[in-house]
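J.: Dumping the structure here so I can ask a few things about it.
The values are calculated or read from the model by the stated rules, or taken from the named source; none is laboratory data. This one's a predicted model, so the numbers in the text were calculated from it and none came from an experiment. All Cβ positions, even for glycine, are placed from backbone atoms using ideal geometry, and neighbour counts span all protein chains on display. These area figures cover heavy atoms from the full protein model, side chains too; ligands, DNA and RNA do not enter into them. Shrake-Rupley method; radii C 1.70, N 1.55, O 1.52, S 1.80 Å.
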Amino acid sequence: MIAAEILKLRRNRPLMAFAALLSIGAVVLVFGYSALEHATNPKMNGPAGGDLGFSRAVRLGGLFFGALAAALIGGEAGTADVSSGVFRDLVATGRSRWSLFAVRLPAALLVTLALNLTALALGTVLTFALAGGQPTPGAGVIADAFLWLVLANAVVVALAVGVGSLTGSRAVTLTGVIGWQTVATQLLEREPSLGSARDGLLNVALGQLMPVSGGYQGITMAGGIAVAVIAGWFVIPSLLGLRRVVTEDA
Amino acid sequence: MTPIIETDGLTKRFGERLAVAELDLAVPRGSAFGFLGHNGAGKTTLIRMLLGLTRPDAGAIRIAGLPLPAQRARVLARVGAVVEGVGGISFHAHLTGRENLRILAAVRGPETYPRIPGALARVGLSDRADDRVKTYSQGMRQRLGVARCLLADPELLILDEPLNGLDPAGIQEFRETIASLRSEGRTIFLSSHQLDEVEKTCDAAAVIDQGRLIAQGPIAELMSGGQPELEIGCDDPAAARQLLHADPAVAAVHDTPGGGLRVHLLTGGRAEGAGAVNARLVQAGIAVFRLEPAQESLEQRFLRTTTRVGGSAT
């Protein structure tokens, strides 16, 4: 069933093209632009690669453009059956609704990771290729970065699948998840009056666990709290989506 | 023989609106069964309850002798269904016909995959199986819906408005498909508002109006259940009309466009009524050159019955 779910996603050409643009395209664009800047004015602009370049590639994949791709793919996985009207035909097979929901997350995550891990692999190559004598990350940091990217993508995909399954609307899901992750989170994490309430923001918690510099360094929290926050963002939307799928009229 | 579908007091409400009211339905095993009703009569709601898509508020359902929803997975494993949505039959439009079947086969189980080529061939879609469904006509989508049903190797097929969007050739093909499926011992339960097609395709039917079952049984029985009528041709229609008006067994006499008479009998079968009317006319010296029972179509019967219950026919 996961293979069938992946088939639905990967054959959606506009979705895959846009997600690839956001993940792989963004890495190419950022490294390319940085390399151009460095080439035209090396005194003012450092090399595109090195530690800084790698940090940029990791953040792109886990917190910014890669996260947008994860939201797109997760939102599609969460809503495709209902919005196409096929959900009732799947339920009418007698297969449990729980299992119909359960395959959405792994399928969406595998498709997302295929893009974002490729993007980070490309970013890693460019980190070394364009280091220009700057320090480069060690194998341990690179491995941690790949694992962190899997975690960051998994939680965004779970959020999008959960919200998508809950609302059944692709437009509402994408607006809600992408708006929250890219706009609302950025505004809220910069608002000091919120104090420790900002610890509940997904990107802030992910930033605490990021193995390279460039997370939300103005906010610090214990690692255990960050893990709990991330777990909450993973589990709560998933349960809400599951509840909807199991109980709604098809 | 045990009916393949049995409902007992089945009831479903949407807020204040009663969609299905205390429905007692029995669908004979091996039949092609038409489920008739106006749009909004409750046909799709019943089908959705049969398939576990929505829960009844009261009553019981048994399919192939097993109770729903308790044995839902076991029952539905041998049921193929096409349920119409707002925009017709639903598929993932960006996938091919074959890929859509693969999606459903994955949900039904791995033993279903080998049935895909046969199902596509049976509905005549082998040549277009690798085209995207968004390029399919409505008739091709209907056929793909039947192919999707066949993946279950179904004992029972439930088809919601399967004739919608079919051209005459498509309707003819559909009739042949139904006949072929029946010959394999499968039961076909199809909902429709196209009564003439149900009359030609099915051997039994039920009529639902405003959520209530108002008739069910073999098609021939449903059609014969109305007031007996006769068509008469004679040499003196005016005298015949006057004579028959005075007959206590005759409810009404009307002129027909061809110069004949249509006689509505109050009681008795058509044969007895025809004999009595013929004798009366001949005894009065009126030469009768044509006398035949007027067969009420299923559509006429349906409209008359649902009008009585619903207050208006559409």
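J.: For region A:39-134, list the helices (runs of 4 or more DSSP H) that sit wholly inside it and hold at least 3 residues that are within 15 Å of A:Leu15 (Cα to Cα) and within 14 Å of chain B (Cβ to nearest Cβ); which are they?
T.: Counting at least 3 such residues, we get A:65-84.
J.: Within 8 Å of the chain's Cα centre (by Cα), surrounded by fewer than 23 Cβ atoms within 10 Å (Cβ to Cβ) and not aromatic (Phe, Trp, Tyr): is that true of B:Glu221 in this structure? Spell out how you get there, then give the answer.
T.: On the way: within 8 Å of the chain's Cα centre (by Cα): no; surrounded by fewer than 23 Cβ atoms within 10 Å (Cβ to Cβ): yes; not aromatic (Phe, Trp, Tyr): yes.
No.
J.: Here's something else I'd like to know. Which of the residues belonging to region B:97-115 are open to solvent by less than 10 Å² (accessible area, probe 1.4 Å) and either in a strand (DSSP E or B) or more than 9 Å from chain A (Cβ to nearest Cβ) (or both)?
T.: B:Gly97, B:Leu101, B:Thr112
J.: State yes or no: is B:Thr54 hydroxyl-bearing (Ser, Thr, Tyr) and more than 10 Å from every other protein chain (Cβ to nearest Cβ)?
T.: no
J.: Only one of these is under 18 Å from A:Phe54 (Cα atoms), among the polar types (S, T, N, Q) and at pLDDT below 95: A:Thr175, A:Thr185, A:Thr136, A:Thr118. Name it.
T.: Being under 18 Å from A:Phe54 (Cα atoms), among the polar types (S, T, N, Q) and at pLDDT below 95 holds for just one of A:Thr175, A:Thr185, A:Thr136, A:Thr118, which is A:Thr136.
J.: Select from region A:187-214 the residues that are free of Cβ contacts under 8 Å to residues at least 12 places away in the same chain and under 24 Å from A:Ala158 (Cα atoms) and list them in ascending order.
T.: The answer is A:Leu187, A:Ala197.
J.: Which ones in region B:69-81 are crowded, with 20+ Cβ neighbours inside 10 Å and more than 8 Å from every other protein chain (Cβ to nearest Cβ)?
T.: Hit for region B:69-81 is B:Gly80, nothing else.
J.: For region B:12-57, give me each residue that is of a type in the set (A, V, I, L, M, F, W, C), over 15 Å from B:Val83 (Cβ atoms) and out of contact with any helix residue (DSSP H, G or I) (no Cβ under 7 Å at 6 or more places or on another chain).
T.: Those that are of a type in the set (A, V, I, L, M, F, W, C), over 15 Å from B:Val83 (Cβ atoms) and out of contact with any helix residue (DSSP H, G or I) (no Cβ under 7 Å at 6 or more places or on another chain): B:Phe14, B:Leu18, B:Ala21, B:Leu25, B:Ala26, B:Val27, B:Phe33, B:Ala41.
J.: Also, quick follow-up: Return the only residue of A:Val156, A:Val141, A:Val163 being farther than 29 Å from A:Tyr33 by Cβ, hydrophobic (A, V, I, L, M, F, W, C) and modelled with pLDDT of 90 or more.
T.: Numbers: A:Val156 fails: farther than 29 Å from A:Tyr33 by Cβ; A:Val141 fails: farther than 29 Å from A:Tyr33 by Cβ.
Just one listed residue meets the conditions, A:Val163.
J.: Which number in (1) more than 23 Å from B:Gly88 (Cα to Cα); (2) open to solvent by 10 Å² or more (accessible area, probe 1.4 Å); (3) among the small types (Gly, Ala, Ser) marks the one condition that B:Ala240 misses?
T.: (2)
J.: Working only within region B:144-154, note down all residues that are in a loop (DSSP other than H, G, I, E, B) and surrounded by 19 or more Cβ atoms within 10 Å (Cβ to Cβ). It would help to see each step written out before you state the result.
T.: Of all residues in region B:144-154, those in a loop (DSSP other than H, G, I, E, B) come to B:151-154.
Correct list: B:Leu151, B:Ala152, B:Pro154.
J.: Would you pick out the residues in region A:89-147 that are buried (at least 18 other Cβ atoms within 10 Å of the Cβ), within 21 Å of A:Leu63 (Cα to Cα) and among the β-branched types (Val, Ile, Thr)?
T.: A:Val111, A:Thr112, A:Thr124, A:Thr127, A:Ile142
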